[in-house]
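Structure record follows, encoded as C-alpha cells.
The values are calculated or read from the model by the stated rules, or taken from the named source; none is laboratory data. All values derive from a computational prediction rather than experimental measurement. Using ideal geometry, Cβ is built from the backbone for each residue, glycine included, and neighbour counts are taken over all protein chains shown. Heads up: the accessible areas ignore ligands, DNA and RNA and are worked out on the full protein's heavy atoms, side chains in. Shrake-Rupley method; radii C 1.70, N 1.55, O 1.52, S 1.80 Å.
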Amino acid sequence: MKKEIVCSGIRPTGNIHLGNYFGALRNFVKMQDEHDCYFFIADYHSLTTHPTPEHLYANARQILVEYLAAGLDPEKATIYLQSDLPETIELYLFLNMNAYLGELERVTSFKDKVRQQPNNVNAGLLTYPTLMAADILIHKAAKVPVGKDQEQHLEMTRTFAQRFNNMYKCEAFPLPQAYNFGGELVKIPGLNGSGKMGKSEGEGNAIFFVDEPAVLKKKIMRAKTDSGPTQPNQEKPEEIKNLFQLMKVVSTPDTVAYFDDLYNKCEIRYGDMKKQLAEDMENFVAPFRERIKELGSDEARLNRIMDMGKEKAHESARRTIDEVRHIIGYRN
Ligand code: TRP
C-alpha cells in the first residue's frame with residue numbers, strides 16, 4: 001500500500017513549549033514510522049514579525065535541535081527549513097491569485113493579529129493561510145498533525161485546493177485533514193490562568209523544554225490559584241482546572257486522584273500540589289533539556305541534517321511545481 005503523505009511545521013517564534021509538544025510535535029514523532037512525513041520549520045512565516053537576520057537563523061536552528069530532542073529522526077522523516085524550499089513560494093503566488101480579500105480577512109488568527117499589532121498589519125499576515133496551504137499542498141499531503149488552533153487554517157487549505165482543482169478541472173491536490181494521532185486532542189493550558197499555553201500569552205505562562213530546574217519550579221510555584229474551595233465537591237475555577245490538566249500530562253493518575261480528592265474535601269494546599277507538579281514536571285522535561293544541550297553543540301551534524309532534508313523535500317516539491325505549472329499553462 002502507498003504510504004500516506006504527512007506534512008506539518010512549527011513557526012520558530014521561540015523555544016518549544018509543552019503546548020507545542022502535546023499539540024503537534026508528539027504526533028510528528030509518532031507518525032514518522034508509518035507515514036511519508038515532511039516536517040519543516042516555518043521560517044518564512046517568521047518574517048511577519050520582522051526578526052533580525054541573527055534571530056531568524058538562530059531561532060530556526062534551535063527549533064531543529066528541539067525537533068531532534070523530541071525524537072524526530074532525520075532517517076525516517078524529511079526534516080527541513082521552509083526557506084530551503086523556494087518552490088513553496090511559487091505555489092504561494094499561484095494560490096494567492098485565487099484567494100480573496102474577504103475570506104482572508106475573516107480568519108480568526110488574522111483578526112487576532114490586527115488587534116495585537118495594529119501598526120504591523122502586513123500582507124504576509126493576511127496571506128498567512130495561503131502560505132500555509134502552499135506548505136502542505138507542495139507535498140500533496142493528506143494529513144496534517146496540528147493543534148486545535150490551526151483547524152481553520154486547514155479548512156482554508158482545503159478551500160484553496162478545491163478551488164484550484166475546480167478551476168483547472170483536475171485533481172492536482174488532495175484535500176488535507178487535520179490529524180491527531182490516537183484520537184483526543186490534548187489542550188495544554190498556561191500557568192497564568194489563561195486557557196492556552198503560548199509564548200505570546202505573557203511571561204511565565206509557558207513551560208519550555210530548555211527551562212532550567214530553578215526556572216521551571218519558580219514558574220509553577222507562581223502559577224495562578226484562587227483562595228481555595230469552601231464547600232465539598234465544588235466546581236474548580238479555570239486556573240485550578242489548568243493545574244490539574246498539567247498534572248494529568250506529567251504525573252501518575254494516582255497523584256492526580258490524590259490531589260483531586262483533597263480538593264473535594266476542601267483540604268487541598270496549593271503549595272503542596274505545586275511542589276509535586278514541579279517535581280513531576282522536572283522529571284518530564286529533564287531528558288529533553290539534556291538532549292537539547294547535546295544536539296545543539298554538534299554544528300556539523302545539524303548542517304548535514306538540514307542538507308539532507310532540503311534535498312528530499314526538493315524532490316517532492318519539484319514534482320508538484322512542474323505539474324502545477326503545466327496545468328496552469330506555462331511553457332514546460
Ligand atoms: N501555522 C502553524 C503554527 O503557527 C505553522 C505552520 C506553517 C504550519 N505552515 C504550516 C503547520 C503547514 C502545519 C502545516 O504553528
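A few points about this structure:
- Matching residues, the stretch 244-284, being in contact with a Leu (Cβ under 9 Å, 6 or more places away or on another chain), under 14 Å from THR225 (Cβ atoms) and open to solvent by 40 Å² or more (accessible area, probe 1.4 Å): ARG269, ASP272
- Residue list for the stretch 116-166, restricted to those being of a type in the set (Asp, Glu) and in contact (Cβ under 8 Å) with a residue 40 or more places away in the chain: ASP135, ASP149
- Among the residues of the stretch 11-20, some residue qualifies, meaning at least one is within 13 Å of the ligand (Cβ to nearest atom), closer than 28 Å to PHE284 by Cβ, in a helix (DSSP H, G or I) and open to solvent by less than 40 Å² (accessible area, probe 1.4 Å).
- Any hit, the stretch 99-108, residues being outside any helix (DSSP H, G or I), closer than 21 Å to GLU315 by Cα and more than 15 Å from the ligand (Cβ to nearest atom): no
- Positions within the stretch 200-231 being surrounded by fewer than 16 Cβ atoms within 10 Å (Cβ to Cβ), touching a residue at least 24 places away in the same chain (Cβ under 8 Å) and not in a loop (DSSP other than H, G, I, E, B), in sequence order: SER200, PRO213, MET221
- Of all residues in the stretch 145-198 being within 16 Å of the ligand (Cβ to nearest atom) and acidic (Asp, Glu), the one that is surrounded by the fewest Cβ atoms within 10 Å (Cβ to Cβ): GLU155
- Any chance GLY195 is in a loop (DSSP other than H, G, I, E, B) and out of contact with any helix residue (DSSP H, G or I) (no Cβ under 6 Å at 6 or more places or on another chain): yes
- Test: residue in the stretch 33-53 that is more than 13 Å from the ligand (Cβ to nearest atom), open to solvent by 10 Å² or more (accessible area, probe 1.4 Å) and part of a helix (DSSP H, G or I): yes
- Residue in the stretch 62-71 that is open to solvent by less than 10 Å² (accessible area, probe 1.4 Å) and either of a type in the set (Val, Ile, Thr) or over 22 Å from PHE209 (Cβ atoms) (or both) present: yes
- Taken together, the residues in the stretch 21-32 that are within 12 Å of the ligand (Cβ to nearest atom) and aromatic (Phe, Trp, Tyr) amount to 1.
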